[in-house]
Amino acid sequence: MEKILDIAEAIAHEKGLKPDQVLNSLKTAFIQTAKRVIGNKFAFEAVVNDQTKTLDIIQIITVVADDDERLQDEEIAPAFISITDAREYDDQVELDDQLQIPHELQEYGRTAASQLHREIEYHVQRLVEDELYNKYQSKIGTLVTGRVTRVDAQNNTYIEVDEVRAVLPMKSRIKGEVFEVGDHLKAVVRRVNMDKENGMQIELSRTSPKFLEELLALEVPEIADGAVIIEGSARIPGERAKVALLSTHPQVDAVGATVGVKGVRINAVSAELIGENIDCIEYTTIPELFISRIMAPAIISHVEIVKNEDGEAQKAIITLPADQKSKAIGKSGINIRLASMLSGLNIELVETDATTSEDGTIEEAKDGVDALEALFN
């Protein structure tokens, strides 16, 4: 009990907490202990004694009117006293005055000491968990690095990240990845939960588009310092990804800076993603032009943005030569799916009879009357 304030400072230093937070937890522990060993229906306060560096337990009894309903409630009545009864002890008391009765927990023996120990341990542990929860809650979507400590039968990978253990579920792992105990890996924090039974649970992901963005920021200094902004990204993990980039500096080429000399930067990111192909696209606020860019490598003829009643873009109708349709769709529909995810629009393809020449220009097919008109006009 002695010099509890020094103990609070020591705990704060050891656990990396603020002394005021630890002191408040200790106050709560003392009050809960007093309620258990003295009386659960009493009202207590823990008061700091700066001279002795201890916490004093004070029972608080509030003076109320003789007809106050709280005096009839068995649950809270011990915390109140009628003004008539109070004036038998002190004829100067008034309504709402608080009578204070000091208690010494030491007088309650080993029971109080044991109970206080458990309460302090519980409340300090909760404080540590809350601090960790807030810390990792603010890290959602950011990159963390850890060491694999266990892989269970369901292929969930448990990773030691600083002072906590996180889990990388099978569903959040790139297809084909295999991890063993001792491996070091990168991932982004996907979700943080606080469970009363299991404590804090941190879920990681390597399939989130945010993981790709964080890897790019790690590899490309222009993204890290804000000269290049990632406006959006879409991934089919382990297969292909598209990233929309915008330069905030007139002398910085967003796509060139991200790709790097001979592709060294983008290849380093791709290697971390098990060979995932990454398309870098220059972002523009003109939706039709942006759609035409994200449909690459397909060459398209025309883009029409269909809006709903509220004026919000809902669908993009893309007209393109017949020989470009397979490129627009991509293998297993990957290209059009990524374009739809990145643009946030449903994409509809419309074929024309036009063809694409070797230099990439679109040649309209003309026959019959159209051909004659073209000849004479």
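Identify the residue in the stretch 85-103 that is outside any loop (DSSP other than H, G, I, E, B) and open to solvent by less than 90 Å² (accessible area, probe 1.4 Å) and, among all such residues, is farthest from residue 67 (Cα to Cα).
Filtering first and then ranking leaves 103.
Any residue in the stretch 117-134 that is hydroxyl-bearing (Ser, Thr, Tyr) and in contact (Cβ under 8 Å) with a residue 40 or more places away in the chain?
yes
Return the residue satisfying two criteria in turn: it lies in the stretch 218-236 and is surrounded by 18 or more Cβ atoms within 10 Å (Cβ to Cβ) and in a helix (DSSP H, G or I), and of such residues it is farthest from the chain's Cα centre (by Cα). Let's see the steps before the verdict.
Keep residues of the stretch 218-236 that are surrounded by 18 or more Cβ atoms within 10 Å (Cβ to Cβ), which gives 219-220, 222-223, 228, 230, 232-236.
From what's left, in a helix (DSSP H, G or I): 219, 222-223.
Details: 219: 22, 222: 24, 223: 20 Å.
Selected residue: 222.
Do you know which residues across the stretch 191-205 are open to solvent by less than 50 Å² (accessible area, probe 1.4 Å) and in contact (Cβ under 8 Å) with a residue 40 or more places away in the chain? Even if it seems obvious, please write down each step before you answer.
Of the stretch 191-205, the ones open to solvent by less than 50 Å² (accessible area, probe 1.4 Å) are 192, 199-200, 202-205.
Result: 192, 199, 200, 202, 204.
Working only within the stretch 280-295, note down all residues that are open to solvent by 40 Å² or more (accessible area, probe 1.4 Å), under 22 Å from residue 249 (Cβ atoms) and not basic (Lys, Arg).
Within the stretch 280-295, 282, 283, 285, 286, 289 meet the criteria.
Please verify whether the stretch 33-54 includes one or more residues that are modelled with pLDDT of 85 or more, among the hydroxyl-bearing types (Ser, Thr, Tyr) and surrounded by 18 or more Cβ atoms within 10 Å (Cβ to Cβ).
yes
Residue check, residue 187 against (1) part of a loop (DSSP other than H, G, I, E, B); (2) of a type outside the set (S, T, N, Q); (3) touching a strand residue (DSSP E or B) at 6+ places or on another chain (Cβ under 7 Å); (4) open to solvent by less than 90 Å² (accessible area, probe 1.4 Å), all met but one. Which one?
(1)
Taking helices (runs of 4 or more DSSP H) that do not extend beyond the stretch 252-332, which have at least 1 residues that are in contact with a strand residue (DSSP E or B) (Cβ under 9 Å, 6 or more places away or on another chain), closer than 23 Å to residue 239 by Cβ and basic (Lys, Arg)?
Once the helices (runs of 4 or more DSSP H) in the stretch 252-332 are filtered for at least 1 residues that are in contact with a strand residue (DSSP E or B) (Cβ under 9 Å, 6 or more places away or on another chain), closer than 23 Å to residue 239 by Cβ and basic (Lys, Arg), what remains is 287-294, 325-329.
Scan the stretch 149-190 for residues that are small (Gly, Ala, Ser), touching a residue at least 40 places away in the same chain (Cβ under 8 Å) and closer than 23 Å to residue 129 by Cβ and jot them down.
Answer for the stretch 149-190, where residues must be small (Gly, Ala, Ser), touching a residue at least 40 places away in the same chain (Cβ under 8 Å) and closer than 23 Å to residue 129 by Cβ: just 187.
Could you please give the count of residues in the stretch 140-155 that are under 21 Å from residue 216 (Cβ atoms), open to solvent by 60 Å² or more (accessible area, probe 1.4 Å) and assigned to a loop (DSSP other than H, G, I, E, B)?
Looking only at that region, the number is 0.
Step by step: first the residues of the stretch 113-147, then only those that are under 22 Å from residue 12 (Cβ atoms) and of a type in the set (S, T, N, Q), then the one that is modelled with the lowest pLDDT. Which residue is that?
Looking at the filtered set, the residue picked out is 125.
Kindly indicate whether residue 20 is at pLDDT below 85, outside any strand (DSSP E or B) and over 18 Å from residue 107 (Cβ atoms). Spell out the reasoning first.
Working: at pLDDT below 85: no; outside any strand (DSSP E or B): yes; over 18 Å from residue 107 (Cβ atoms): yes.
It is false that residue 20 is at pLDDT below 85, outside any strand (DSSP E or B) and over 18 Å from residue 107 (Cβ atoms).
Filter the stretch 327-377 down to residues that are exposed (fewer than 15 other Cβ atoms within 10 Å of the Cβ), of a type in the set (A, V, I, L, M, F, W, C) and more than 26 Å from residue 312 (Cα to Cα) and give me whichever is modelled with the lowest pLDDT.
The qualifying residue modelled with the lowest pLDDT is 375.
The values are calculated or read from the model by the stated rules, or taken from the named source; none is laboratory data. Everything numeric in this text was worked out from a predicted model, so none of it was measured. No Cβ is skipped: glycine too gets one built from the backbone with ideal geometry, and neighbour counts run over all protein chains shown. Just so you know, the surface numbers come from the protein's heavy atoms only, side chains and all, with ligands and any DNA or RNA stripped out. Shrake-Rupley method; radii C 1.70, N 1.55, O 1.52, S 1.80 Å.
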